[in-house]
Amino acid sequence: MTTVRSAVSWPNDKTYLFHADDTYDRYDSVTGVREDSGLPIGKWRDMPHSPDAFVWWGAGKAYAFTGSTYLRYDEPADRVDPEYLPPNDPFTVEFGWAGLPTGADGGPDWRTGIDAAVNWGNGKLYLFRGDKYVRYDITADRVDPGYPLPIADHWTGLFTEGIDAAVYPGGRFAYFFRDEEFQRFDVDADRVDASGPLDASFRLAPTPSGGVAPARLLSPTQANGLMADLIRRGKLTLKSPAFVDGPAGIVSPKPGQRVVVSPTSIDGIRYTNQVFPTTTVIDNLDQIMLIALYRLTRWINSSAPNVTELLHLGIGHGNGPPNDCHNQGRALDLSGFVGDVNGTAFTRSVKKDWGNLPLAPGVKVRISPATDALGFGLFSTAFRFGTFECEATAFGRANKWPMPDLGGTGFVIYPDYAPDAAAGTENAKLRASHTDHIHMQVGVTFL
């Protein structure tokens with residue numbers, strides 16, 4: 001096996017390793033087995049050659065970097081987006097990726113090339129060059145402040161420089177490649193736990209199906225397998241039905257069966273019902289929505305501040321008819337956040353710190369990083385998560401890029417939803433009824 005130039009995991013449960021000779025290998029992420037090798041890059045429509053770095057972005061898009069330029073690949077259409085192709089001018093890293101190091105500190109200019117890139121599944125990308133890395137925030141669409149940092153100081157056991165490729169198929173393990181070696185990174189333990197030669201014996205650790213797919217596209221069987229993986233990893237606990245594991249996989253609950261989670265902490269973050277704050281359960285919960293709740297905890301706690309509680313006004317119940325998404329356990333009304341910043345406690349309420357703010361003339365979104373950077377970061381990250389993982393512009397596979405921005409419409413609803421909607425219209429009514437929470441759902445509104 002030749003050196004890996006770049007790698008990417010796809011929502012179809014496949015992981016691809018690309019080589020300098022413009023060929024690639026395809027692995028089944030679920031079994032970990034290599035299915036084929038030496039495939040020509042031409043099978044990726046309009047991709048001219050193996051990229052230097054290839055990273056899944058989400059919402060059906062991935063980015064391929066070559067030197068100072070990049071392409072955007074559309075997963076549903078299975079081709080490079082036409083606007084990135086000749087006769088159009090190339091898209092440059094300098095103007096498309098904000099905040100990358102320019103070399104002003106004496107280091108390399110990252111705008112001229114990236115060695116490796118990986119989506120960590122938490123709203124962040126990690127980009128590597130030489131002995132440094134940066135963390136790129138999907139919500140803000142820029143490098144987080146304080147980067148670059150040395151790899152050696154923050155990635156226990158990882159190659160300290162010269163990483164050729166990186167990939168994360170979801171689940172517990174990510175993979176890094178350099179020359180003829182690989183390293184497996186345990187995401188839960190935050191350290192390298194295995195390494196070896198990159199030869200014909202290389203395999204991925206089995207990953208539950210749907211590890212990269214958005215929650216809204218998961219089948220009941222995929223959600224069931226992902227839930228079982230989270231239980232085994234200690235990320236959550238079921239109260240009922242009892243979790244029963246078996247030699248061939250999960251025995252109980254069955255796919256599609258609604259569950260009760262207790263305690264209400266998922267991956268260390270408590271979901272607190274503000275209507276019934278003493279409740280110790282999240283009941284009547286659809287398993288697909290459960291996966292979305294877990295992924296939200298990863299997005300919201302992927303960087304400072306330290307969030308300890310997600311406040312909500314309902315998950316498994318609502319005021320509508322029995323077939324409503326809330327009463328089907330497929331929706332979340334997120335109402336706030338509790339945590340600390342450098343040891344100082346904070347609370348941010350959707351109602352108090354967003355919905356009750358005055359709306360100035362000509363302003364569509366009343367929260368602002370200039371007046372409340374903490375609240376803006378939390379609210380906007382939760383919104384962006386909802387558009388990536390839950391229903392955004394339609395239902396299921398009908399969701400199309402681009403995902404909505406704050407101040408627009410769609411299925412994630414919030415205090416400044418459709419700000420231009422005339423009084424009395426349906427959108428205006430939705431805005432008025434969502435001044436105290438951010439609504440997100442998986443599946444149709446009424447079953």
Kindly provide the set of residues from the range 74-121 that are touching a residue at least 60 places away in the same chain (Cβ under 8 Å) and either small (Gly, Ala, Ser) or out of contact with any Asp or Glu (no Cβ under 9 Å at 6 or more places or on another chain) (or both), ordered by number.
75, 76, 113, 116, 117, 118, 119, 120, 121
Here is a check on your reading of the model: is residue 279 under 24 Å from residue 190 (Cα atoms) and of a type in the set (Val, Ile, Thr)?
no
Being in contact with an Asp or Glu (Cβ under 9 Å, 6 or more places away or on another chain) and assigned to a helix (DSSP H, G or I) is the filter; apply it to the range 417-436 and report the residue that is nearest to residue 358 (Cα to Cα).
431
Any chance residue 51 is of a type outside the set (A, V, I, L, M), surrounded by 15 or more Cβ atoms within 10 Å (Cβ to Cβ) and under 26 Å from the mean Cα position of the chain (by Cα):
yes
Counted residues, the range 89-118 - those being at negative phi, surrounded by fewer than 15 Cβ atoms within 10 Å (Cβ to Cβ) and in a loop (DSSP other than H, G, I, E, B)
6
Could you say which residue among 445, 381, 393, 409 is under 26 Å from the mean Cα position of the chain (by Cα) and crowded, with 21+ Cβ neighbours inside 10 Å?
381
Could you run through the range 119-143 and say how many residues are in a loop (DSSP other than H, G, I, E, B) and of a type outside the set (A, V, I, L, M)?
8
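Within the range 118-134, identify whether any single residue is under 22 Å from the mean Cα position of the chain (by Cα) and β-branched (Val, Ile, Thr), and answer yes or no.
Within the range 118-134 (the criterion being under 22 Å from the mean Cα position of the chain (by Cα) and β-branched (Val, Ile, Thr)), the answer is yes, since at least one residue qualifies.
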Identify all residues within the range 326-371 that are among the hydroxyl-bearing types (Ser, Thr, Tyr), in a loop (DSSP other than H, G, I, E, B) and surrounded by 14 or more Cβ atoms within 10 Å (Cβ to Cβ); write none if there are none.
none
Could you figure out which of (1) touching a Cys at 6+ places or on another chain (Cβ under 8 Å); (2) outside any loop (DSSP other than H, G, I, E, B) isn't true of residue 318?
(2)
Tell me which residues, restricted to the range 339-358, are among the β-branched types (Val, Ile, Thr) and more than 15 Å from residue 381 (Cα to Cα).
341, 344, 347
Filtered residues of the range 152-171 (kept if buried (at least 20 other Cβ atoms within 10 Å of the Cβ) and under 22 Å from the mean Cα position of the chain (by Cα)):
155, 165, 166, 167, 168, 169, 170, 171
Residue 230 meets each of (1) farther than 25 Å from residue 246 by Cα; (2) in the same structural domain as residue 302 (by TED's automatic domain parsing) with one exception, condition (1)
I need the full set of residues from the range 372-415 which are among the basic types (Lys, Arg) and in a loop (DSSP other than H, G, I, E, B), in order please.
400
Any pair with Cβ under 6 angstrom, 6 or more apart, that starts in the range 308-335 at a residue that is more than 21 Å from residue 355 (Cα to Cα) and at pLDDT 95 or above and ends at one that is of a type in the set (D, E, K, R) and not in a strand (DSSP E or B)
329/258; 329/286; 330/286
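The values are calculated or read from the model by the stated rules, or taken from the named source; none is laboratory data. Keep in mind it's a predicted model, so treat the numbers as computed, not measured. All Cβ positions, glycine included, derive from the backbone under ideal geometry; neighbour counts span all protein chains shown.
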